[in-house]
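Only one structure is covered here, and it is reproduced in the block below.
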Amino acid sequence: MNADVIVIGAGIVGACCAHYCAQAGLSVIVVDRGSVAGGTTGAGEGNILVSDKEPGPELDLALLSRELWAQMAGELGDSFELDAKGGLVVATRAATLEHLHRFAAEQAEAGVIAEPVTAKGLRDHEPHIARDLLGGVFYPQDMQVQPMLAAARLLQHARSTGRVTVLPETEVLEIERDGSGAVTGVRTPTERISAPHVVNAAGTWGGVVAGLARVDLPILPRRGFILVTEPLPPMIRHKVYAADYVANVASDNAGLETSAVIEGTHSGTVLIGSSRERVGFDKTLDWEVIRQEAQQAVAIFPFLADVQLMRTYGGFRPYCPDHLPVIGPDSRAPGFLHACGHEGAGIGLAAATGLLIAQAIAGTNLAMDIAPFAPNRFEGAHVA
Amino acid sequence: MSRETSFTFDGAPMAAVEGQTIAAALIENGVMSWRTTRFGDRPRGLFCGIGVCFDCLITVNGEPNVRACLSAVEPGDDVRTQAGDGHV
Amino acid sequence: MAMSDIAAPTVDVVILGAGAAGVAAAVVAARSGCRVTVIDNGPTPGGQYYRGAPPIDSEPSSGPRDLSYAELRAEFDRLTGSGVIDYRSRRTAYAISRHDDDFVIRLRGDDRHRGEIADFRARAVIVATGAFDRHLPFPGWELPGVMSGGGAQLLVKGSGVIPGQRAVVAGTGPFLLAVSGTLLEHGAHVPAIVEANNPSRFITRASAIRGGLSKSGEFLGYVSRLARHRVPYLHRHRVIEAIGVDRVEAVRIARVDADWRVVEGTDRVIECDALAIGYGFVAQTDLAGQLGAQMVLGADGGLVVDVDPNLSTSVPGLFAAGETTGVGGVEAARVEGLLAGASVADHLGRPPALTRRGLDVVRRDIATWQGFAEALHATFPVRDGWRDQVRDDTMMCRCEEVRAGQVREAIDDLGARDTRAVKLFTRAGMGWCQGRICSSAVDSLCGFGTTQSLGDAAVRPLVVPVPLGALANGQMEG
Ligand SMILES: Cc1cc2nc3c(=O)[nH]c(=O)nc-3n(C[C@H](O)[C@H](O)[C@H](O)COP(=O)(O)OP(=O)(O)OC[C@H]3O[C@@H](n4cnc5c(N)ncnc54)[C@H](O)[C@@H]3O)c2cc1C
Ligand SMILES: Cc1cc2nc3c(=O)[nH]c(=O)nc-3n(C[C@H](O)[C@H](O)[C@H](O)COP(=O)(O)OP(=O)(O)OC[C@H]3O[C@@H](n4cnc5c(N)ncnc54)[C@H](O)[C@@H]3O)c2cc1C
Ligand code: FES
């Protein structure tokens, strides 16, 4: 088998890469060792956020990405529950509120729409919100998708162009390189697939996949649990979260951090996320996490106290030491590109990532500068 | 031995035997369904009978989503049909 | 550390489930000097078989005689009365986890007291949570009046209420005869028993087992009782559709071949106002699964907890007994309970109350009942042909109202290759029952059927839902 591009990983990032490569006229083979969306894409939430990002390259990527998400939803029809519901960030303490307002002002300068909300105004946005909150900021640009469906529908759509083949249950065992160091294809248990371009869209396992081409990429897991309630009538309109969340996202603390992120879903359940812990790939449910998340959720929406927790699930976000994703060609292995390490924002950032990867391969103008996401930016990176 | 008790179902008085489950009491009174589903608005009643399927959910004294197959009738219970997710 | 963990009292053994297995285990463990707490969500001990009034010694105790259930139950009541066994009814263990060397068992009150939660610490745990009926979806199975065989049985045995005046009993296994017998006794008319397999070989198979003769005798007793009531016992027939508007009014049945493929032109309609149906049982493995205990496929192809000859699971200190280790009937559950009680005592360094000779008898009886279970599953297996009857508009997941067509689309068009992915794409198994009713059928419809796929589908972080407020506050009641 052969194609212009091999994409390793059929998560949301791999799906977006395939989508934009196909649009650029390239032929693509997407391989995944498991199911489509069976990795972290099927283990998180589907928030497409600008609200939690400070001005800088990640925010620029997020702003581009949300435009692209809206476009893709238009192209594919309403097939993955895109909901431009907006985000509401609230503060429980005076110090946080002040910090939040400053943060929002900076974001506004970078192109984010951020509307300060008074304590009373919170109730206009969310009638069931706690009365003792001090205020917040409303971000109308925040959106939500059903990420598994989004990945699957994008791949289904890409296949319909005739340029994309999806091979689930196909593990890449090795990424082959020629004498000059350039990649030439991949080896799976049953065959060799050749292509001049190989995209590493293996998410949390991106470091391992980079290793298959003998290059280093420091990607580590950051565990998160999500609580799912019984189905309810629509009670929560937006994505609502406490301002402390923003601090946690950027934190270097290895211990447990929770901050309630609350949202309703199409099916009626309410999702309460999400903890952040660096504990390797340990899947054991931590009841202290559950207790803290429940506590914080009830503090923001008191009616949730009587609502039942039905299940929990969790996954491992792929993170890099500097909390930025890795996007673009790897100068250490010509033809090898990375699209991984998006941590807790891989759904949101997937669209722009896919577009940039397609542009890099097709050699067209890049929609934005990808230097901050360069694969070899980490100290000690080398060809093994 | 078995003592009679009573409760109301959607406001109408109904007889039951003490200790009987709400599901049993309803079926004894000829009621086979007491809930409608969230999406299809279809009727449901007793299915597994032992608390694992959650098909028999019902509202008791204002509390939605009580399993009728496990919960014994208490004298004077206000038992009501529930629609969809049961929350109003 | 959670406050609730510190407050939890520590006991030697927590036994989860007070069915035949749990009651037997509690008696042996307590008599061996262990401090035992028994947790059960029912109002009285006895589990699914002995639900209702305490048993009198006339209930069929067949096979080799060791301690009968009636004797064990009397002893259980005595030990509970004298405070040696701490028995807590109407409590559900919603989760279990490891904490240092102990187990932390999390309890919730019944549905009327679901906000009352408490934690418990134990040095060892026996999971004896039983099983529930297995279902194979077919058009119309979501109509009111269609219920599981076990559910119908309990409705009559526990509450004295029959589900309908004309109740068809269908599925597979000798349990259909037990259900029909109970229905007839309580005045219901049973127009037909619709058995998908050919039960005649069961008699030969069961009789070949030492002690199995009594079981085949029991079986024949049922059959002759049915003959007296002139109930047709149809072999190689299946209910292929339940018909009705807002409740079941009739069923369509048809002859099937050995693979359960419908024989064209043999279908006919039987009027009824209830259908009791079940295709064997599914073990309740949730709690053992939460601890990461190894699972295996049982003789009936379903997921069960893997145990060694002493009923120890792969998790040190965790034992399993009864239907959780393989569906084998109430007698098997009872003798496994006896062994688990002895094993847990031994694990805790206490001399088991069963003598060496007693243990030998128990082990022999377990082997006997295992043989019986194998005969059972060999005669009454589930055959692939059931899937042919599943139309694209047939409901697969009753909770989330997911139809078979959506499941098939997830495989054919969306790239799902395992149960988890099917669930994520379709929501089948994401509802209130957490996939208990549909997941083995979804798995089979997709043609997976491995320990891995069934195990993934059986991951349930909470056995029952718990209010967030209760969780947020931690312990509320001891
Ligand atoms: C609890 C939690 C909540 C989250 N919430 C959000 C949110 O609200 N918004 C948001 O934007 N992000 C969120 N995320 C993060 C987001 O889920 C991830 O960033 C994103 O899913 C990563 O997508 P991906 O395609 O890179 O990786 P994955 O979806 O993990 O895909 C990688 C794929 O690569 C495959 N693979 C790996 N190795 C090989 C190999 N050798 N051969 C073949 N295939 C291979 C895997 O099977 C996998 O399917 C959350 C994450 C978690 C854990
Ligand atoms: C509805 C039903 C009816 C049945 N009727 C018959 C019959 O009439 N004749 C027959 O031969 N066989 C019958 N069976 C088969 C029967 O299950 C077994 O033969 C026998 O009951 C097995 O005993 P056990 O101790 O393994 O489990 P069980 O008797 O099922 O006992 C398990 C106990 O654990 C409790 N439990 C489960 N999970 C939890 C939890 N998380 N927390 C607290 N408690 C929990 C259950 O409520 C139950 O009381 C029936 C099965 C079912 C499902
Ligand atoms: S009938 Fe299944 S839970 Fe009540």
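The values are calculated or read from the model by the stated rules, or taken from the named source; none is laboratory data. These numbers were taken from a predicted model, which means no experiment stands behind them. When we count neighbours, we look across all protein chains shown, and the Cβ atoms used for this are built from the backbone with ideal geometry, even at glycine. Surface areas here come from the heavy atoms of the whole protein model, side chains and all, with no ligands, DNA or RNA. Shrake-Rupley method; radii C 1.70, N 1.55, O 1.52, S 1.80 Å.
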Which net charge results when you count Lys and Arg as +1 and Asp and Glu as -1 among the other residues whose beta-carbon is under 13 Å from that of C:GLY149?
-> 0
In degrees, nearest 10, range 0 to 90: what is the angle between the Cα axis of helix A:12-23 and the longest Cα principal axis of chain A?
-> 50
Simple SL model, points at 7 angstrom along Cα→Cβ for C:THR204 and A:MET235; separation in nm is 6.1
Computed from every Cα-Cα pair in the protein assembly as shown, P(r) in 10 Å bins starting at 0 and rounded to whole percents is 2, 12, 20, 22, 20, 14, 8, 3, 0, 0
Where a label projected 7 Å from the Cα of C:GLU374 along Cα→Cβ would reach, residues of the stretch C:168-202 with amide N under 19 Å | C:201-202
Rounded FRET efficiency, nearest 0.05, which uses the C-beta distance separating C:HIS113 from C:ALA227 and R0 of 35 Å = 0.15
For C:ASP413, the net charge from surrounding residues (Cβ-Cβ under 12 Å; K, R +1; D, E -1) works out to +1
Can you give me the span-like helices of chain C, meaning DSSP H runs with 20 Å or more of Cα extent along the axis and Kyte-Doolittle mean at or above 0.0?
-> C:330-347
Net charge contributed by nearby residues that have their C-beta within less than 11 Å of A:ALA62 (K/R +1, D/E -1) = -4
Label-point separation in nm, A:ARG131 to A:ALA182, each point 7 Å along Cα→Cβ | 7.1
Percent RCO, i.e. relative contact order, over chain C, from Cα pairs under 8 Å lying at least 6 residues apart = 19
Under 5 Å between amide H atoms, partner at least 5 residues away or on a different chain: which partners does C:PHE281 have, H built in plane at 1.01 Å?
-> C:ARG134
By average Cβ neighbour count within 10 Å, what is the ranking of C:370-379, C:35-44 from highest down?
-> C:35-44, C:370-379
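Note the full-extension length gain between C:ARG350 and C:ASP267 as 0.36 nm times their separation in residues minus their Cα-Cα distance, in nm to one decimal.
23.8 nm
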By average C-beta atoms within 10 angstrom, highest first, the peptides B:61-69, A:205-213 | A:205-213, B:61-69
Scan around A:VAL199 for amide H atoms under 5 Å from its own, H built in the peptide plane at 1.01 Å from N, and keep only partners 5 or more places away or cross-chain.
-> A:ILE6, A:VAL7, A:ILE8, A:LEU337
Debye intensity ratio in log₁₀ form over the Cα atoms of the stretch C:135-279, taken at each q of 0.15, 0.20 Å⁻¹ | -0.72, -1.21
How much length is gained if the chain between C:ASP413 and C:ARG88 is pulled fully straight, taking 0.36 nm per residue apart and subtracting their Cα-Cα distance, in nm to one decimal?
-> 112.1 nm
Computed from the mean reciprocal separation of all distinct C-alpha pairs, what Kirkwood hydrodynamic radius does chain C have, in Å?
-> 23.0
From other protein chains only, count the Cβ atoms within 10 Å of every residue's Cβ in B:25-33, then give the mean.
-> 4
With a Förster radius of 22 Å, plug the Cβ-Cβ distance of B:THR36 and C:ASP392 into 1/(1 + (r/R0)^6) and report the FRET value to the nearest 0.05.
-> 0.40
In nm, give the distance between the simple-model label positions of A:ASN2 and A:SER331, each being 7 Å from the Cα along the Cα-to-Cβ direction.
-> 3.0
Could you do me a favour and compute the accessible area per residue for chain B, 1.4 Å probe, result in Å²?
-> 40
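Averaged over A:13-22, how many beta carbons belonging to a partner chain fall within 10 Å of each residue's beta carbon?
So the per-residue partner count for this stretch is 0.
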